[in-house]
1. Within the range A:319-359, how many residues are surrounded by fewer than 23 Cβ atoms within 10 Å (Cβ to Cβ), more than 7 Å from chain B (Cβ to nearest Cβ) and among the charged types (D, E, K, R)?
2. In the range B:88-114, which residues are more than 9 Å from chain A (Cβ to nearest Cβ), part of a helix (DSSP H, G or I) and crowded, with 22+ Cβ neighbours inside 10 Å?
3. Considering only residues of the range A:373-419 that are assigned to a helix (DSSP H, G or I) and without any contact (Cβ under 8 Å) to a residue 12 or more places away in the chain, which is surrounded by the fewest Cβ atoms within 10 Å (Cβ to Cβ)?
4. Could you look through the range B:216-239, keep only residues that are over 19 Å from B:Thr57 (Cα atoms) and among the small types (Gly, Ala, Ser), and pick out the one that is surrounded by the fewest Cβ atoms within 10 Å (Cβ to Cβ)?
5. Can you find a residue in the range B:199-213 that is hydroxyl-bearing (Ser, Thr, Tyr), modelled with pLDDT of 95 or more and within 16 Å of the chain's Cα centre (by Cα)?
6. Considering only residues that are within 9 Å of another protein chain (Cβ to nearest Cβ) and either touching a strand residue (DSSP E or B) at 6+ places or on another chain (Cβ under 9 Å) or surrounded by 20 or more Cβ atoms within 10 Å (Cβ to Cβ) (or both), look in the range B:65-87 and name the one that is farthest from A:Ile26 (Cα to Cα).
7. Any residue in the range A:149-164 that's within 16 Å of A:Lys230 (Cβ to Cβ): show its pairings with residues that are in a helix (DSSP H, G or I) and of a type outside the set (Asp, Glu) at Cβ separation under 6 Å, as long as the two are six or more apart or on different chains.
8. Regarding A:Gly69, is this residue under 30 Å from A:Asp379 (Cβ atoms), of a type in the set (Gly, Ala, Ser), in contact with a helix residue (DSSP H, G or I) (Cβ under 8 Å, 6 or more places away or on another chain) and modelled with pLDDT under 75?
Amino acid sequence: MKFVIQAPIAFIRLTYQSVYLALSQIWANKTRSILTTIGIVIGVASVTAVIAALTGLKAKVLTQVETLGTNSIFIQPRTPKTGPLQHASWWTIRFKPEHFDNLLEHCPSVSQFGRMTWVGNYTVSHREKSVENVTVRGTEPAVHKIDSRPVTIGRPLSVIDEMQVRQVCLIDPKLRNDLRLDRDCIGQSILISHNTFYIIGVLEPRPENAFGGGNQEQSEIFIPYKTSLKMQRYPFIMAIAESESAEVSDDALAEISFFLRKTRNIKPGEPDTFEVMSLQNALETFNKIALMVTMVAGGIVGISLLVGGVGIMNIMLVSVSERTREIGLRKAVGAKKTAILTQFLIEAIVLCFFGGLVGVGFGHLLTKALSSIPKIQLDMAYIPLWAIGLSFAFAGTVGIFFGMFPAIKAAKLDPIEALRHE
Amino acid sequence: MQTVSNKNRKLIIRLQDVERIYKVGVESIHALGGINLELYENEYVAVMGPSGSGKSTLMNVLGCLDRATSGSYELDGENTTKMTDASLARVRNERIGFVFQSFELLGQVSALKNVEMPLIYSKNGWWTRRKRALSVLERVGLGDRVKHKPNQLSGGEKQRVAIARALVCNPSILLADEPTGNLDSKTSDGILQLFDQLHQEGQTIILVTHEDYVSHHAKRIIHMKDGHICSDLSNNRDPRNNAVTQDRKPEEKV
Ligand SMILES: Nc1ncnc2c1ncn2[C@@H]1O[C@H](COP(=O)(O)OP(=O)(O)O)[C@@H](O)[C@H]1O
Ligand SMILES: [Mg+2]
């Protein structure tokens, strides 16, 4: 019973004294200690920076997904990877308007759905002012509800605009400024390649996009879907849908795929000539990539920690042989094997923790540097607490693993021989 | 005379047929060839003999740094022969103070820290350690040198620090293997006076030397040759006037 109480106390005292001894030893050999721990420093700095970058990127993507809505589904043509159509042009596999007819009735898990066309890039003018290279898209009213891009002035495109194939449009504030239109430009007319369109609303500027979407320089105009078919007989068609809820998102994807295979006459066994993707899907893909990057980085970090560990082992062996007489003396005055073992093991661990601490510091600086580089979407990068914990756990493990051999060597020394050592 | 006084003194060390045999290749060297020795509380013994006679080996066995190949060794009534390494370490820590010829101080730390060192391996808290180290440094006459590092101390002072370190755990016995071997005669005198003082304070001391003037301080002189004790005499000479009053110690049969 007495032993049960005393053993842990003795161990704590031994640990505390060993830490103290280790720190004074490291302090006495400052330069050597710093050089020794460089491997650990690099390892820990890179692991924390990589984790910080990935965490930041993930946070960024998540906030963007939130603004887009996780239930959104994107549908576009895609050449299959196998089969006779794998080298087909986009023209062969394009969507035709009728492919989507009655989609909502056949897909019960889909709550909203809208077609979208890419009409082309046109020169747009108002009086003397004109702007080149403006992207013109046709959209069904549902698209804006799904895409949740609010209209700041005026109103969104309506079902009536659609039915009557009206010559109306939504513009973005950049185009309004470039064309020198009034702030409230509702009802004014612009020319899109010689066709007159009336402005019914101004959109919010497009948010910056992590997926590499939005081109900030180029302006956009949205016109009714049917109107766009009139302007361009064979436009590039895509679609956006929204599932009833996140839970049925996968069902919605399956239903849409099944429906489109039927309308596009794809025989069983042939690959899809289109892609139906939810943001949920995209997120999973992103997570997979992030995991892969983490693993590759982990491998590199592992190697540098290994190299660092060998450095630690080397320096500990040197330390043991330099301090042979000291070890002999400590044993002569009553140090047990365990005490000597603990002393050297803790010295190795303290060295590694010191490396870990400096490494986390450098990792923090690296993260700061990364997040201040514009245009690489890492402004939300930060080192999560668990990564710091992980770094120290790694450093400690390296210390124990590579410090064990020198420590055992020290503990095994015969005191008489050790005291005779030159 | 000594036999009489031994009757009411405590027996500290009893060696019975202690052998220490080194195996070098096929040869075996009898560094100790069957030593019988009894030592009582507050004795002051000098071990003498030519180089290679086994003095250091004896000290190592007495100091529990080494184990006898055969025979038994009782310290404070406890047989150490069958003890585990860990128990021997505890015995070294609590009962034995060792003083080395070459001081063996830790170079980077102060005299105080050097003296505190053995207490790290015992059950003493920080405050007790400091208090005891300071008082023992005072006792060896270094009360004003506690903060000095070994390279700021003279040879004699270094050895005093080493003696303080040996005494700090209140050992049953102080073992000194040629403690004045690295010191000039004047400094040696100082150290020997310190030993005298410790002896008067009740400390049991064994020291190894091959110089007569050193051994004259002891009250009992053991001569060794080839791993055997060849004479065991009590010494009544006063080291200050060097009066020769040496007589053979009566044989003590066990
Ligand atoms: N580790 C060892 N291995 C082999 N022989 C040894 C060893 N240590 C001491 N000896 C031998 O034991 C004998 C006694 O040595 P030692 O006790 O050191 O003598 P002293 O201290 O009296 O000069 C010597 O012959 C020495 O060579
Ligand atoms: Mg010797």
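The values are calculated or read from the model by the stated rules, or taken from the named source; none is laboratory data. None of the values given here were measured: they were computed from a predicted structure. Note: ideal-geometry Cβ built from the backbone for every residue, glycine included; neighbour counts use all protein chains shown.
1. Number of matching residues: 2.
2. Within the range B:88-114, B:Ala111, B:Asn114 meet the criteria.
3. Our first condition is that a residue be assigned to a helix (DSSP H, G or I); within the range A:373-419, this holds for A:385-412, A:415-419.
When the remaining residues are screened for being without any contact (Cβ under 8 Å) to a residue 12 or more places away in the chain, the result is A:385-386, A:389, A:393, A:397.
On the way: A:Leu385: 8, A:Trp386: 11, A:Gly389: 10, A:Ala393: 12, A:Thr397: 14.
Ranking the qualifying residues of the range A:373-419, first place goes to A:Leu385.
4. Step one: list which residues in the range B:216-239 are over 19 Å from B:Thr57 (Cα atoms), which gives B:216-220, B:233-239.
From what's left, among the small types (Gly, Ala, Ser): B:218, B:234.
Working: B:Ala218: 27, B:Ser234: 19.
Residue satisfying both the conditions and the ranking: B:Ser234.
5. Here is the first cut: in the range B:199-213, the residues hydroxyl-bearing (Ser, Thr, Tyr) are B:204, B:209, B:213.
Filter once more, so that each one left must be modelled with pLDDT of 95 or more: B:204.
Those still in the list that are within 16 Å of the chain's Cα centre (by Cα) too: B:204.
Yes, the range B:199-213 has at least one match.
6. Residues of the range B:65-87 within 9 Å of another protein chain (Cβ to nearest Cβ): B:65-66, B:85-86.
So of that shortlist, the ones also either touching a strand residue (DSSP E or B) at 6+ places or on another chain (Cβ under 9 Å) or surrounded by 20 or more Cβ atoms within 10 Å (Cβ to Cβ) (or both) come out as B:65-66.
Working: B:Leu65: 29, B:Asp66: 32 Å.
My answer is B:Asp66.
7. A:Leu157/A:Pro141; A:Glu162/A:Lys226
8. Against the criterion (under 30 Å from A:Asp379 (Cβ atoms), of a type in the set (Gly, Ala, Ser), in contact with a helix residue (DSSP H, G or I) (Cβ under 8 Å, 6 or more places away or on another chain) and modelled with pLDDT under 75), A:Gly69 qualifies.
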